[in-house]
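The values are calculated or read from the model by the stated rules, or taken from the named source; none is laboratory data. None of the values given here were measured: they were computed from a predicted structure. Quick reminder, even Gly has a Cβ in these numbers, built from the backbone with ideal geometry, and neighbours come from all protein chains shown. Please note that ligands, DNA and RNA were not included when accessible areas were found on the heavy atoms of the full protein model with its side chains. Shrake-Rupley method; radii C 1.70, N 1.55, O 1.52, S 1.80 Å.
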Amino acid sequence: MALGIKEYRQTAFKPYRVICRVMGNRVVIYLIIDGRRDMQSVLARRILGA
C-alpha cells in the first residue's frame, strides 16, 4: 500500500521540525514539533491513530 510519503517535506528550525506538503502553488503545514521528541511515535499517533 502506497502511503504517499514522497509528497511530504520536512525542514528543521532547531529545535523544531516542520512537516509540510506542497500542493501546486500552496504549502500546507501539517505539523510543527519539538525535534527532540520521538518522531516515530508522534507520527504513528497522529497519522495512524495508534
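What you get for the chain, charging only the Cβ of Lys and Arg (+1) and of Asp and Glu (-1), is a dipole of about 80 debye around the Cα centre.
Per-residue ellipticity at 222 nm from helix content only, as computed over the chain with -39500 (n - 2.57) for each DSSP H run of at least four residues, stands at -2000 deg cm²/dmol.
Note on the chain: with neighbouring protein chains present and a 1.4 Å probe, carbon and sulfur make up 56 percent of its accessible heavy-atom surface.
Rolling a 1.4 Å probe across the protein heavy atoms gives the chain an accessible surface of 89 Å² per residue. According to the Cα-based calculation, Rg over Rh for the chain is 0.98, with Rh computed by the Kirkwood formula.
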